[in-house]
Amino acid sequence: MATTASVKPLQFKIIAECSTSNARTSIMSLPHFNVETPVFMPVGTKGSIKGVLNQQLETLNCQIILGNTYHLGIKPGIDVLQKAGGLHKFMGWKRALLTDSGGFQMVSLLKFAEIKEEGVKFQSTYGDGAELMLSPEHSTKIQNIIGADIMMQLDDVNPTTLTGPRVVEAKDRTVRWLDRCLAAHENPTTQNIFPIVQGGLDETLRKDCAQQLTERDVNGFAVGGLSGGEAKEDFWYSVMISVNSLPKEKPRYIMGIGFAVDLLICCALGADMFDCVFPTRTARFGSALVRQGQLYLKNSCYATDGRPIDEDCPCSTCKRYTRSYLHHIVTMEPSACHLLSVHNIAFQMRLMQEIRESIKSQTFPQYVKDYMKDVYPEGNYPKWTVDALRAVNIDLIDCNPGR
Amino acid sequence: MKFTVTGKHVSQMGRLGILSEFSRIPEAQFETPTFMLYARGGVVTHLTYETLQQVNTDSCILQIPFPSISIMKDAVQQSNQQFLSNFIGMKEYPSYVCLHDPLNLALQKNKRKMEVALKGRRGNENHTVEKFISSIESLAPDMYQVLTQLEFTNKPKRNQIILGRSIQFLDNCLSLHKKSEVLKNTSVIAAIQGGSDLSLRKECAVQCASRDVHGFLIDGLCPEEDTTEDVDSDFVKAVLENTVPHLPPDKYRLVQGSWSPMNIVTFIHHGIDLFDSSLPLTLAERGCAFTFQYVKHSQENSSPNHVSFTNGIHAHHTNGVDSDKHSIDQAELILSDSSDTKVKSNGKSDGDTLYTPRPYEMWLQHPRYESDFTPVLSQCECYTCRNHTRAYIHHLISVKEMLASVLLSIHNLHHYFKFFKTIRESLLSGDSNSYTFHFRDSEDR
């Protein structure tokens with residue numbers, strides 16, 4: 001049990017706190033890397049990040065990346081991962097890793113899954129007809145073999161907008177499953193288990209869930225069940241409720257968040273860690289991230305645009321390639337996808353770096369305002385962003401007296 | 001651009017040379033024999049400028065198929081980049097525009113005598129000499145192949161007609177080229193055709209040799225790009241012996257396509273200077289890594305399973321020392337029966353049926369690599385071998401992750417550079433016959 005561990009596999013040291021909002025920047029020391037937070041974690045579902053070399057990820061300042069337990073458990077499978085000595089060695093990645101529990105597939109692959117108190121029964125999506133029983137114990141065992149710095153408890157996930165008794169059941173079951181995960185955990189000195197706050201969009205349920213989870217001996221927390229099509233008003237409010245119910249001195253991870261504005265607001269609300277497939281997925285469709293949103297490079301307006309994607313971006317793509325050339329190769333050449341993946345990851349990494357720096361220099365509120373002004377030059381901020389930021393004392397409207 | 005022959009093989013036609021004095025990048029210099037990087041659409045397939053640097057090599061000439069970039073001509077011209085290489089973000093690399101994609105010939109029926117139908121990204125396009133040279137002027141590459149019709153036929157009359165047109169295309173291209181201010185520093189490459197008709201090959205070579213071009217492409221050697229690897233070396237030799245001697249010795253010669261490493265050596269021994277990277281890419285895309293060694297023969301590397309390969313002929317050596325003419329002749333006899341039947345391996349690797357790797361490659365999708373935590377080649381210094389295992393690449397292939405092709409491209413290109421370096425050393429040593437191929441056992445591929 002984790003209680004007997006003499007050395008914690010996670011030290012969380014807050015470096016600076018925003019004096020206006022709840023934003024903070026910290027060093028999260030993990031067995032494989034000292035991660036600066038707030039941090040964005042690119043997703044390497046099957047043990048690689050879409051055509052990008054580990055060395056490039058290091059150059060891009062990626063400090064922690066995600067692996068997916070469900071997929072890795074099927075291929076290469078736990079036998080191979082065990083023989084390899086874990087995912088770090090298997091994929092040659094020296095920095096920190098986080099694995100999900102496989103629980104998310106309950107939502108994304110629901111038609112293949114059956115949820116019981118014992119666990120989740122999956123049909124393999126690899127077409128081999130195999131069945132996989134994912135119990136809290138089994139998820140923990142696989143994650144112990146994968147050996148990520150941070151493991152996720154198996155949680156009972158619902159579609160975000162669901163209401164009623166099933167949400168209550170899922171919240172309570174999530175707490176029960178946490179205890180089973182902690183009991184099954186074999187490496188409490190080298191790996192962390194993060195519990196996951198559930199409770200749908202119900203404030204009382206979320207608070208209750210967070211309350212129960214904080215009673216367990218864990219080194220950090222995740223907030224789950226969001227970013228699944230709920231109204232933005234419900235999204236930010238649930239994040240705030242959840243974060244405020246969690247202890248300040250431990251990291252808080254909001255799962256499945258990747259849009260720049262969402263990241264800014266979650267940071268303002270006091271969150272520390274984020275992940276999303278969005279930057280690399282959108283790259284495959286020829287879309288490049290910029291402050292103002294996305295450039296869909298296939299669009300004919302870029303055919304003779306001799307500028308880089310972003311003149312201020314230091315990434316290897318922007319140093320060499322123009323929008324015009326990228327326009328001609330996106331969705332045609334696999335290399336174009338790699339070029340956009342690199343840029344899009346660089347974009348996320350730079351955003352997080354700037355957020356961290358602004359918190360250190362006590363300029364975070366102004367940074368948020370400037371950023372939002374770039375995204376919405378007309379000042380037509382969505383109501384939820386105004387409300388969310390106002391809840392942490394950042395007033396978007398005030399900086400636009402002309403309105 | 002200048003080509004200088006720096007060394008000649010004593011007994012054979014093989015030679016060493018240097019390509020230099022590119023007007024756009026005067027400092028660039030390339031030792032030949034070497035190969036160009038296949039860059040469909042202007043980008044080395046699966047790689048980017050950044051990942052290409054992991055191949056650990058000097059600069060290189062990019063070979064860009066015309067149909068993959070003709071669509072960019074307006075963009076290049078309207079940009080302030082001036083040259084194709086700058087436009088594609090590869091300014092340090094000279095660009096050579098070839099007419100056909102060596103990995104996708106996509107031959108179209110030519111409807112008019114003096115037009116060439118090419119399948120571009122917007123469908124079929126008919127190119128007259130005027131239209132083609134105008135496109136080349138817009139693209140501004142450092143080297144290009146002239147417009148010509150390419151057709152594979154066994155009819156002697158048809159071959160004769162094609163050849164006549166080919167010379168006409170050449171002359172028409174050259175007359176426009178000479179008038180062009182933009183192309184005054186651009187190298188022109190003529191295509192030597194003639195199919196499998198050796199006398200036509202010779203005639204074409206003689207005709208092209210008298211024209212003011214900078215280099216020659218030995219074209220139309222294989223009608224199906226996916227069988228190039230298994231083409232019989234006797235045919236290759238016969239064509240070269242009827243072509244190369246008629247070409248001026250101070251100009252460079254190219255062969256394109258995914259030829260086996262053994263045929264590459266044959267080509268080089270017959271005086272070819274430039275190749276492309278079709279083969280390393282072809283292997284990467286079928287989940288294979290180069291594993292062959294091409295080394296100087298000596299006592300210590302004689303292992304029981306080692307196979308010697310000289311001028312395209314397999315010969316099992318019993319003591320690993322001899323490679324004299326006699327044993328080669330014997331090997332030639334043994335192989336003569338099967339020389340006509342192409343070793344057509346199962347090129348598709350669709351799960352159930354196991355692919356039979358060729359001797360120079362390792363098929364990493366084979367189940368035996370599932371838990372093999374060694375590098376592809378233990379002595380290899382490439383990024384892939386320094387950082388990753390066979391098991392990891394096996395996994396990436398089986399879950400169809402794009403990183404598999406990236407890692408295999410890096411290894412295969414690195415290996416191919418080393419192969420060409422060794423070939424140049426062998427020519428320099430003046431004793432290239434003592435260099436042989438070593439292959440892995442078939443159960444270790």
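Look through segment A:199-218, keep the residues that are of a type in the set (K, R) and open to solvent by 40 Å² or more (accessible area, probe 1.4 Å), and return whichever of them is farthest from A:Q11 (Cα to Cα). Give the steps one after another, and end with the answer.
Just the residues of segment A:199-218 that are of a type in the set (K, R), to begin with: A:206-207, A:216.
When the remaining residues are screened for being open to solvent by 40 Å² or more (accessible area, probe 1.4 Å), the result is A:207, A:216.
On the way: A:K207: 25, A:R216: 17 Å.
Among those residues, the one meeting the criterion is A:K207.
When the residues of segment B:53-71 are filtered to those that are within 17 Å of the chain's Cα centre (by Cα) and over 14 Å from B:L118 (Cβ atoms), which remaining residue is farthest from the other protein chains (Cβ to nearest Cβ)? Can you show your working first?
Going residue by residue through segment B:53-71, those that are within 17 Å of the chain's Cα centre (by Cα) are B:59-66.
With over 14 Å from B:L118 (Cβ atoms) added as a condition, the list becomes B:59-63.
Details: B:S59: 15, B:C60: 16, B:I61: 18, B:L62: 13, B:Q63: 15 Å.
This residue is B:I61.
Of everything in segment A:326-336, what is touching a residue at least 40 places away in the same chain (Cβ under 8 Å), more than 7 Å from chain B (Cβ to nearest Cβ) and open to solvent by 10 Å² or more (accessible area, probe 1.4 Å)? Give them in sequence order.
A:T331
In a strand (DSSP E or B) and either farther than 23 Å from B:Y144 by Cα or among the aromatic types (F, W, Y) (or both): is that true of B:F216 in this structure?
The answer is yes for B:F216.
What pairs come up if the first residue lies in segment A:47-61 and is at the interface with chain B (Cβ under 8 Å from one of its Cβ atoms), the second is open to solvent by 30 Å² or more (accessible area, probe 1.4 Å), and their beta carbons are under 6 Å apart, counting only those six or more places apart or on different chains?
A:K50/B:M402; A:G51/B:M402
Tell me, yes or no, whether segment B:84-95 has at least one residue that is out of contact with any helix residue (DSSP H, G or I) (no Cβ under 9 Å at 6 or more places or on another chain), more than 13 Å from every other protein chain (Cβ to nearest Cβ) and at pLDDT 95 or above.
no
Quickly run through segment B:393-434 and pick out the residues that are more than 19 Å from the chain's Cα centre (by Cα), among the aliphatic types (A, V, I, L, M) and within 14 Å of chain A (Cβ to nearest Cβ).
Within segment B:393-434, B:I393, B:L396, B:I397, B:V399, B:M402, B:L403, B:A404, B:V406, B:L407 qualify.
Restricting the first residue to segment B:204-225 and requiring it to be under 19 Å from B:L176 (Cβ atoms) and free of Cβ contacts under 8 Å to residues at least 40 places away in the same chain, which pairs with a second residue that is open to solvent by less than 20 Å² (accessible area, probe 1.4 Å) and part of a helix (DSSP H, G or I) meet a Cβ separation below 8 Å and a spacing of at least six or different chains?
Qualifying pairs under 8 Å: B:D212/B:L174.
For segment B:69-84, name all the residues that are open to solvent by less than 10 Å² (accessible area, probe 1.4 Å) and under 27 Å from B:G220 (Cα atoms). First the steps, then the outcome.
As a first pass, look at segment B:69-84 and keep what is open to solvent by less than 10 Å² (accessible area, probe 1.4 Å): B:69, B:72, B:75-76, B:84.
Result: B:I69, B:M72, B:L84.
Just to check your reading of the model, which residue among B:S442, B:S409, B:S426, B:S432 is crowded, with 20+ Cβ neighbours inside 10 Å and either among the aromatic types (F, W, Y) or within 30 Å of A:L81 (Cα to Cα) (or both)? Steps first, answer last, please.
Numbers: B:S442 fails: crowded, with 20+ Cβ neighbours inside 10 Å; B:S426 fails: either among the aromatic types (F, W, Y) or within 30 Å of A:L81 (Cα to Cα) (or both); B:S432 fails: either among the aromatic types (F, W, Y) or within 30 Å of A:L81 (Cα to Cα) (or both).
Just a single option satisfies the conditions, and that option is B:S409.
Inside segment B:379-392, can you point out the residues that are farther than 16 Å from B:R368 by Cα and facing another protein chain (nearest Cβ under 8 Å)?
Once the filter is applied, which keeps residues that are farther than 16 Å from B:R368 by Cα and facing another protein chain (nearest Cβ under 8 Å), segment B:379-392 yields B:Y383, B:N387, B:H388.
Return the residue satisfying two criteria in turn: it lies in segment B:164-197 and is over 22 Å from the mean Cα position of the chain (by Cα) and open to solvent by 60 Å² or more (accessible area, probe 1.4 Å), and of such residues it is farthest from B:T128 (Cα to Cα).
Across segment B:164-197, the extreme among qualifying residues is B:N185.
Please go through segment B:21-48 and pick out each residue that is open to solvent by 20 Å² or more (accessible area, probe 1.4 Å), over 14 Å from the mean Cα position of the chain (by Cα) and either without any contact (Cβ under 8 Å) to a residue 12 or more places away in the chain or under 19 Å from B:V76 (Cα atoms) (or both).
B:S23, B:R24, B:P26, B:E27, B:Q29, listed by residue number.
May I ask you to list the residues in segment A:181-211 that are in a loop (DSSP other than H, G, I, E, B) and of a type in the set (V, I, T)?
Those that are in a loop (DSSP other than H, G, I, E, B) and of a type in the set (V, I, T): A:T189, A:T190.
Given the criteria touching a Leu at 6+ places or on another chain (Cβ under 9 Å) and farther than 22 Å from B:R390 by Cα, does B:G257 qualify?
On the way: touching a Leu at 6+ places or on another chain (Cβ under 9 Å): yes; farther than 22 Å from B:R390 by Cα: yes.
So B:G257 fits the description; yes.
Exactly one of (1) at pLDDT 95 or above; (2) within 15 Å of the chain's Cα centre (by Cα); (3) open to solvent by 10 Å² or more (accessible area, probe 1.4 Å); (4) of a type in the set (S, T, N, Q) is unmet by A:T37. Its number?
Of everything listed in (1) at pLDDT 95 or above; (2) within 15 Å of the chain's Cα centre (by Cα); (3) open to solvent by 10 Å² or more (accessible area, probe 1.4 Å); (4) of a type in the set (S, T, N, Q), A:T37 misses just condition (3).
Starting from segment A:355-376, keep only residues that are over 17 Å from A:D395 (Cβ atoms) and open to solvent by less than 60 Å² (accessible area, probe 1.4 Å), then list their pairs with residues that are acidic (D, E) and at pLDDT 95 or above whose Cβ atoms are within a distance under 9 Å, requiring at least 6 positions of separation or different chains.
Partner pairs satisfying both residue conditions: A:R356/A:E36; A:I359/A:E17.
Go through segment A:287-308 and give me each residue that's within 12 Å of chain B (Cβ to nearest Cβ), of a type outside the set (G, A, S) and in contact (Cβ under 8 Å) with a residue 24 or more places away in the chain.
Step one: filter segment A:287-308 for residues within 12 Å of chain B (Cβ to nearest Cβ), giving A:300, A:302-308.
From the residues that got through so far, the ones that are of a type outside the set (G, A, S) too are A:302, A:304-305, A:307-308.
Scanning segment A:287-308 gives a single hit, A:Y302.
Given the criteria surrounded by fewer than 19 Cβ atoms within 10 Å (Cβ to Cβ), over 21 Å from A:Y253 (Cα atoms), at pLDDT below 95 and not basic (K, R), does A:T59 qualify?
Here the answer is no, as A:T59 does not meet what is asked.
What is the residue count in segment B:174-211 for residues that are of a type in the set (V, I, T) and part of a helix (DSSP H, G or I)? Spell out the reasoning first.
Going through segment B:174-211, the residues of a type in the set (V, I, T) turn out to be B:182, B:186, B:188-189, B:192, B:206.
Adding the requirement that they be part of a helix (DSSP H, G or I) leaves B:206.
Counting residues in segment B:174-211 that are of a type in the set (V, I, T) and part of a helix (DSSP H, G or I) gives 1.
Would it be correct to say that B:V376 is open to solvent by less than 10 Å² (accessible area, probe 1.4 Å) and either at pLDDT below 95 or part of a loop (DSSP other than H, G, I, E, B) (or both)?
Considered against the rule, which asks whether it is open to solvent by less than 10 Å² (accessible area, probe 1.4 Å) and either at pLDDT below 95 or part of a loop (DSSP other than H, G, I, E, B) (or both), B:V376 comes out as yes.
Pull out all pairs, ordered by first then second residue, where Cβ-Cβ is under 9 Å, the residues are six or more apart or on different chains, the first lies in segment A:88-100 and is surrounded by fewer than 20 Cβ atoms within 10 Å (Cβ to Cβ), and the second is β-branched (V, I, T).
As it stands, the answer is A:K89/B:T389; A:G92/B:T389; A:R95/A:V35; A:R95/A:I64; A:R95/A:I65, since those pairs meet every condition given.
Kindly list, by first and then second residue, each pair from a residue in segment B:392-420 that is without any contact (Cβ under 8 Å) to a residue 12 or more places away in the chain and of a type in the set (D, E, K, R) to a residue that is buried (at least 24 other Cβ atoms within 10 Å of the Cβ) and not in a helix (DSSP H, G or I), limited to pairs with Cβ atoms under 7 Å and residues at least 6 apart or on different chains.
B:E401/A:S48
Condition (residue is within 18 Å of B:I393 (Cα to Cα), within 14 Å of another protein chain (Cβ to nearest Cβ) and not in a loop (DSSP other than H, G, I, E, B)) applied to segment A:93-100: is it met by at least one residue? Give the steps one after another, and end with the answer.
Step one: filter segment A:93-100 for residues within 18 Å of B:I393 (Cα to Cα), giving A:93-94.
Checking which are within 14 Å of another protein chain (Cβ to nearest Cβ) leaves us with A:93-94.
Filter again for not in a loop (DSSP other than H, G, I, E, B), leaving none.
No; the residues of segment A:93-100 include none that is within 18 Å of B:I393 (Cα to Cα), within 14 Å of another protein chain (Cβ to nearest Cβ) and not in a loop (DSSP other than H, G, I, E, B).
Being part of a helix (DSSP H, G or I) and within 23 Å of the chain's Cα centre (by Cα) is the filter; apply it to segment A:151-172 and report the residue that is nearest to A:E117 (Cα to Cα). Don't jump to the end; show me each part of the working.
Going residue by residue through segment A:151-172, those that are part of a helix (DSSP H, G or I) are A:165-172.
Cutting the leftovers down to within 23 Å of the chain's Cα centre (by Cα) gives us A:167, A:170-171.
Working: A:V167: 14, A:A170: 10, A:K171: 12 Å.
Here the residue is A:A170.
Exactly one of these conditions fails for A:D272: (1) out of contact with any helix residue (DSSP H, G or I) (no Cβ under 8 Å at 6 or more places or on another chain); (2) surrounded by fewer than 21 Cβ atoms within 10 Å (Cβ to Cβ). Give me its number.
That leaves (2) as the condition not met.
For segment B:222-248, give me each residue that is outside any helix (DSSP H, G or I) and open to solvent by 30 Å² or more (accessible area, probe 1.4 Å).
B:P223, B:E224, B:D232, B:N242
For segment B:53-67, which positions are open to solvent by less than 10 Å² (accessible area, probe 1.4 Å) and assigned to a helix (DSSP H, G or I)?
B:V55, B:F66
The values are calculated or read from the model by the stated rules, or taken from the named source; none is laboratory data. Computed from a prediction, not measured in an experiment: that's the story for all the values here. Every residue, glycine as well, gets a Cβ built from its backbone with ideal geometry; the counts of neighbours run over all protein chains shown. Accessible surface areas use protein heavy atoms only, side chains included; no ligands, DNA or RNA. Shrake-Rupley method; radii C 1.70, N 1.55, O 1.52, S 1.80 Å.
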